[in-house]
Amino acid sequence: MSDARLFWVGLNLVKGIGAVRFKALIDHFGDAQSAWEASPAALRQAGLTEKITATLVKLRASVELYAIWDELAEKNVRLLTWLDEDYPRRLRDVDQSPPVLYLRGELLPEDDWAVAVVGTRRVSAYGRQVAEELGAFLARNGLTVVSGLARGVDAIAHQAALNAGGRTLAVLGSGVDRVYPPEHRKLAGEMMECGGLISDYPLGTPPESYNFPPRNRIISGLSLATVIVEAGQKSGALITGQFAVEQGREVFAVPGNIYAVSSKGTNRLIQQGAAPLLKPEDLIEALDLRMASEQKTARKVLPADATEAALFDVLGSEPLHVDEIRAQAELPIEQVSSTLALMELKGLVRQVGGMQYVAVRELQADYDEKKLD
């Protein structure tokens, strides 16, 4: 990891600097180090309030960034920022994604194919059965299970995915070195072998109650869809569902007994328009994930013919409209459109809205290397 990331860590420590202000600072100063070292006047000119400016100035006088860097290495914690190619792709696509993520374990490209399974801590026998079956089903079908490591539905889904030989990720409301609840430390250890623990909170952050609702935006942001198994009317799982809606992701709710407190939230979601999940297969059908394993394998395949290669040569990390792609590739629009659709299915390119496309970054690097050979 580059030492430049030290200053991302520093800015991430400043209360009041979230994704919006973080981006504004990077845009204004050009890099995190310049923002971290800027004068109070320059920080205010960049848009920080007097209070946040004072907080930053006080913090940088007292914190030793290199000591934090050493602690990250000692605890085998990996740092991911917006600058990193392996920052989670789906999370990167949402508004106000976290500038900094801390990871214990490993993120793999196949974790792009993930479904969040969340629900109440006070799970019923019915909810336990559903969470177990759903976690195992998703894992057997090559999908990563994402949840929050909480008691109840979360832990059940994590464990079921592991038992089925799959991958699972937990997003914590604390630092990744502060596993909560403590009785899930063994489970967390198993997860780091087949997934990992993720947080945008700095090391040492305790599991305060107010940390948990914001972390739910990461759970939904990492996932294609969120499934709420059981939830009371004030359950935190409903917050995850709301974040998913705001992020343009699918939300499914498991219907339950109309008299059960733990089903009041999920039944209300269905009444409000969430898709009822009657069996795990419905999820695969609704999200068109029948080819998930094949698609993940196909992502490793480079362009198969001259047309795909021509389009891949044109595309990069900056979005290009299909008309511009056609013009640069000098190919008929029908051929370009059909080939892009196939390349998207194979995972070679990604549509980012408005008929604009980008190349998948890790494959672009592989392709460029092969062209030089």
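The values are calculated or read from the model by the stated rules, or taken from the named source; none is laboratory data. It should be emphasised that the depicted structure is a prediction, and the values quoted were computed from it without experimental measurement. Don't worry about glycine lacking a Cβ; one is built from the backbone with ideal geometry, like all the others, and counts go over all protein chains shown.
Just a yes or no: is a residue in region 218-227 under 22 Å from Trp113 (Cα atoms), hydrophobic (A, V, I, L, M, F, W, C), touching a Phe, Trp or Tyr at 6+ places or on another chain (Cβ under 7 Å) and not in a loop (DSSP other than H, G, I, E, B)?
Yes, region 218-227 has at least one match.
Quick one: is Thr55 at pLDDT below 95, hydroxyl-bearing (Ser, Thr, Tyr) and surrounded by 15 or more Cβ atoms within 10 Å (Cβ to Cβ)?
Numbers: at pLDDT below 95: no; hydroxyl-bearing (Ser, Thr, Tyr): yes; surrounded by 15 or more Cβ atoms within 10 Å (Cβ to Cβ): yes.
Answer is no for this residue.
Might you let me know whether region 13-22 holds any residue that is closer than 17 Å to Pro202 by Cβ, touching a residue at least 60 places away in the same chain (Cβ under 8 Å), of a type in the set (Phe, Trp, Tyr) and exposed (fewer than 13 other Cβ atoms within 10 Å of the Cβ)?
no
Based on this model, can you work out whether Val94 counts as out of contact with any Asp or Glu (no Cβ under 6 Å at 6 or more places or on another chain), at pLDDT 95 or above, among the hydrophobic types (A, V, I, L, M, F, W, C) and buried (at least 19 other Cβ atoms within 10 Å of the Cβ)?
Spelling it out, it is not the case that Val94 is out of contact with any Asp or Glu (no Cβ under 6 Å at 6 or more places or on another chain), at pLDDT 95 or above, among the hydrophobic types (A, V, I, L, M, F, W, C) and buried (at least 19 other Cβ atoms within 10 Å of the Cβ).
What's the number of the condition Glu110 fails, among (1) outside any loop (DSSP other than H, G, I, E, B); (2) out of contact with any strand residue (DSSP E or B) (no Cβ under 9 Å at 6 or more places or on another chain); (3) not hydrophobic (A, V, I, L, M, F, W, C)?
(2)
Which residue, of Gly166, Gly142, is touching a residue at least 24 places away in the same chain (Cβ under 8 Å), surrounded by 20 or more Cβ atoms within 10 Å (Cβ to Cβ) and under 19 Å from the mean Cα position of the chain (by Cα)?
When all the criteria are applied, what remains is Gly166.
Within region 54-79, how many residues are out of contact with any helix residue (DSSP H, G or I) (no Cβ under 9 Å at 6 or more places or on another chain) and not acidic (Asp, Glu)?
The qualifying residues number 8.
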